[in-house]
Amino acid sequence: MAQQQHMVSVTRGIGQLISERRYFSVPQHQRDYAWPIGSVEQYVEDVVGALDRDDADYFLGLLVLVADDTSGTKRFEILDGQQRLATTTMIYAAIRQWLVENGFESEATKIQNEFIGISEIGVEEDEPRIVMNLNNQQIFQEIVVSTCSLHELEAKTATAGRYTSTRKLCDAALRCRQLVASLAEAQGTDKKARAGKLFDLAKYLRDNVQVNCLDVTAPENAYMIFESLNDRGIDLSVLDLLKNHLFRVAKGPGEQQIQTNWALMMARLGDRRADDFLKAFWTSRYGRIQRGRLFHELKRRYDSRAKVIQLSKELARVAEQYAGLEVADSELWKSHGAATQDTVRALDLLGGKQTHPIVLAALDRFDANELGKLLRSLVTLILRYQLIGRGRTGRLEIRAAAVAEGIYTKKHKHAKSAWDNLKAIIPPDDEFAQDFAKYENVKPAVARWLFRALELKYWVQKNPGKAPELAPIHDPELVNLEHVLPRKPGAGWAVAIKVDPKLVDDCASRFGNLCLLYKTGNKKVSSKAFAEKKPVLAASNILLTRQIATYPDWDRTSIDARQVELSKIAIAAWPV
């Protein structure tokens, strides 16, 4: 007896595949729709370009499907290819919508029935050819499968959460509409010519945008394919490889539980890069790892049904923490107090994702008080080592990974122990002062935050015994960043620039040339000469701003001197 084939490969136009197979579904454990606008634009522009050049075909890559008839209706589960199939359907929907709005209803119906939804007897809504996962299906039905006006689509886009997959779907559908409309308009004013170009696009997608469709008899066969491809140097994401491994090992009683946990993990991550999360998760427990080794190590450590089920639970739980690491008003930080939330905002502003594993480990091992101390020390670490010191990212990653592992394994039971290990890479005061005295090209939001912190420290130094809350500036959003020497100086700076022709190029972006002014004061001084600015600066209740008015002139020497003075305050504001 001949052995059953486990996989069959055919090449089809993607539209033809959609039409022939009729029904597709995205497994519930699959990630949500995730293509960014750039990928959608690239796909449409590439296909239109190939059409215009009359290319015989445009190859879109490999799709992996497995037949599933457990529901009574034969559907093909999309194991790989969701983004391409969903986006292709959105292009067809955009063509359909244009045809409807321009009087070509019968042709729009053909597009609908062939590529988007099938009208079943006795059913009000068309049955979608592609059923998305739980998070995406309802919105996909509303804006793609069903007709949806541009006004309705724009309204749904505006109300969708900024980082949600719903927003990604709305953005993608809206961009497809815009690109299709632009293609039609490029054909001139004749509606038939415009429609003809869209007919050509629909047929090109059907016949010439080719995919290699690999049909497998069971998901585990696809899992073996994925790992084999990865072993042969084809770069597959850690997320896809891990998903394949979990479902293969847990086949049977544990599969549903893993499916639930996987969907929960993906929903909690939203549009955050899943591979970054998986690396941070591993590092927070087991130390540093190269991305290329991550899947192999996960596979080696979690190699039984019980272990992969436990891993899926942990991933779902930690994904919620990871998603909130840099969101000060998330549920993760609501019970930690205002000071810790301010620190989280600072870490978000300063960057330094290399410390994420440290925070993940500490969330599991430290109480709120110790965690708050640790977070404050991480601000000093990022600021001294990375932002000001421009230290190597790799060195920071190595040290942070070791500390994260030490926290998780309880080698570091308190924030001080972790900090003692971290501060070994931080520049000492003299180096930090030298680096700070040369600091420039700072982002406005970061500069406002830095000046706020420096002002608070300086105010406390000048007002011993008084509460820091009495200082005049707490909210950096109430102030503007003022360049004392303007980047585009007016006539009042002509003499200074004549004496020092490189003054603006060399010094306008220096940190010592910046200060904070309340927004009304900032408008008054603008690009005026220093002599005209001095009264406004002198009248400020922000001490570090008022101090500038004590300089007789504002030139290279003054900027250097002020930045040195600021560096001394910085040492006290972020001590080792």
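Has region 245-252 got any residue that is more than 29 Å from the chain's Cα centre (by Cα) and modelled with pLDDT under 75?
The answer is yes, given that some residue of region 245-252 is more than 29 Å from the chain's Cα centre (by Cα) and modelled with pLDDT under 75.
So, in region 562-576, how many residues would count as being surrounded by fewer than 17 Cβ atoms within 10 Å (Cβ to Cβ) and under 10 Å from ALA437 (Cβ atoms)?
The total comes to 3.
Please go through region 533-557 and pick out each residue that is surrounded by fewer than 13 Cβ atoms within 10 Å (Cβ to Cβ) and not in a helix (DSSP H, G or I).
Within region 533-557, ALA539, ASN541, PRO552, ASP553 qualify.
Within region 431-443, how many residues are open to solvent by 40 Å² or more (accessible area, probe 1.4 Å), within 13 Å of ASN513 (Cβ to Cβ) and within 28 Å of the chain's Cα centre (by Cα)?
2
Within region 191-222, track down each residue that is modelled with pLDDT of 90 or more and of a type in the set (Val, Ile, Thr).
VAL209
Look at VAL460 and say whether it is of a type in the set (Val, Ile, Thr) and part of a loop (DSSP other than H, G, I, E, B).
When the stated conditions are applied, VAL460 does not pass them.
Can you find a residue that is of a type outside the set (A, V, I, L, M) and not in a helix (DSSP H, G or I) anywhere in region 559-575?
yes
For a quick check of your reading: which helices (runs of 4 or more DSSP H) sit entirely within region 234-297 and have at least 3 residues that are closer than 17 Å to GLN28 by Cβ and out of contact with any strand residue (DSSP E or B) (no Cβ under 9 Å at 6 or more places or on another chain)?
The helices (runs of 4 or more DSSP H) meeting that bar are 238-249, 255-269.
So ALA86 fits all but one of (1) more than 24 Å from MET266 (Cα to Cα); (2) modelled with pLDDT of 90 or more; what number is the exception?
Going through the list (1) more than 24 Å from MET266 (Cα to Cα); (2) modelled with pLDDT of 90 or more, ALA86 breaks only (1).
Given the structure, is LEU396 in a helix (DSSP H, G or I), open to solvent by less than 10 Å² (accessible area, probe 1.4 Å), modelled with pLDDT under 95 and of a type outside the set (Gly, Ala, Ser)?
When the stated conditions are applied, LEU396 passes them.
I'd like the residue in region 377-393 that is modelled with pLDDT of 95 or more and of a type in the set (Val, Ile, Thr) and, out of all such residues, is farthest from LEU347 (Cα to Cα).
Here the residue is THR380.
Identify all residues within region 235-259 that are touching a residue at least 60 places away in the same chain (Cβ under 8 Å) and either touching a Cys at 6+ places or on another chain (Cβ under 7 Å) or farther than 29 Å from GLN290 by Cβ (or both); write none if there are none.
The answer is GLN259, and nothing else.
If you take just the helices (runs of 4 or more DSSP H) that sit entirely in region 35-118, which of them hold at least 3 residues that are crowded, with 20+ Cβ neighbours inside 10 Å?
Those helices (runs of 4 or more DSSP H) span 37-53, 82-101.
Could we say that GLU370 is open to solvent by 40 Å² or more (accessible area, probe 1.4 Å), in contact (Cβ under 8 Å) with a residue 12 or more places away in the chain and either more than 25 Å from TRP449 (Cα to Cα) or assigned to a helix (DSSP H, G or I) (or both) here?
In short, no.
Identify, please: which residue in region 171-199 is of a type in the set (A, V, I, L, M) and within 17 Å of GLY103 (Cα to Cα) and is, among those, farthest from the chain's Cα centre (by Cα)?
Restricting to residues being of a type in the set (A, V, I, L, M) and within 17 Å of GLY103 (Cα to Cα), the top hit is ALA193.
I need a count of the residues in region 400-418 that are within 30 Å of PHE451 (Cβ to Cβ) and either part of a loop (DSSP other than H, G, I, E, B) or at pLDDT below 95 (or both).
Counting residues in region 400-418 that are within 30 Å of PHE451 (Cβ to Cβ) and either part of a loop (DSSP other than H, G, I, E, B) or at pLDDT below 95 (or both) gives 0.
Of everything in region 240-259 that's more than 29 Å from THR355 (Cα to Cα) and in contact with a His (Cβ under 8 Å, 6 or more places away or on another chain), which residue is surrounded by the fewest Cβ atoms within 10 Å (Cβ to Cβ)?
GLN259
Residues in region 304-361 that are farther than 20 Å from GLY270 by Cβ, open to solvent by less than 20 Å² (accessible area, probe 1.4 Å) and not in a helix (DSSP H, G or I): how many?
Result for region 304-361: 1.
Residues in region 152-186 that are open to solvent by 70 Å² or more (accessible area, probe 1.4 Å) and not charged (D, E, K, R): how many?
5
Can you pull out every residue in region 272-288 that is modelled with pLDDT of 90 or more and either open to solvent by 10 Å² or more (accessible area, probe 1.4 Å) or touching a Leu at 6+ places or on another chain (Cβ under 9 Å) (or both)?
Scanning region 272-288 gives ASP276, PHE277, LEU278, LYS279, ALA280, PHE281, TRP282, THR283, SER284, ARG285, TYR286, ARG288.
Quick check on my filter: what residues within region 444-455 are under 24 Å from the mean Cα position of the chain (by Cα) and closer than 9 Å to PHE511 by Cβ?
ALA447
List pairs: first in region 119-138 and within 21 Å of GLN259 (Cβ to Cβ) and at pLDDT below 70, second of a type in the set (S, T, N, Q) and surrounded by 12 or more Cβ atoms within 10 Å (Cβ to Cβ), Cβ under 7 Å, 6+ apart or cross-chain?
none
The values are calculated or read from the model by the stated rules, or taken from the named source; none is laboratory data. This structure is a prediction, so every number in the text was calculated from the model and none was measured. Cβ coordinates were reconstructed from backbone atoms using ideal geometry, including for glycine residues, and neighbour counts include every protein chain displayed. Areas reflect the complete protein model, heavy atoms only, side chains present, ligands, DNA and RNA absent. Shrake-Rupley method; radii C 1.70, N 1.55, O 1.52, S 1.80 Å.
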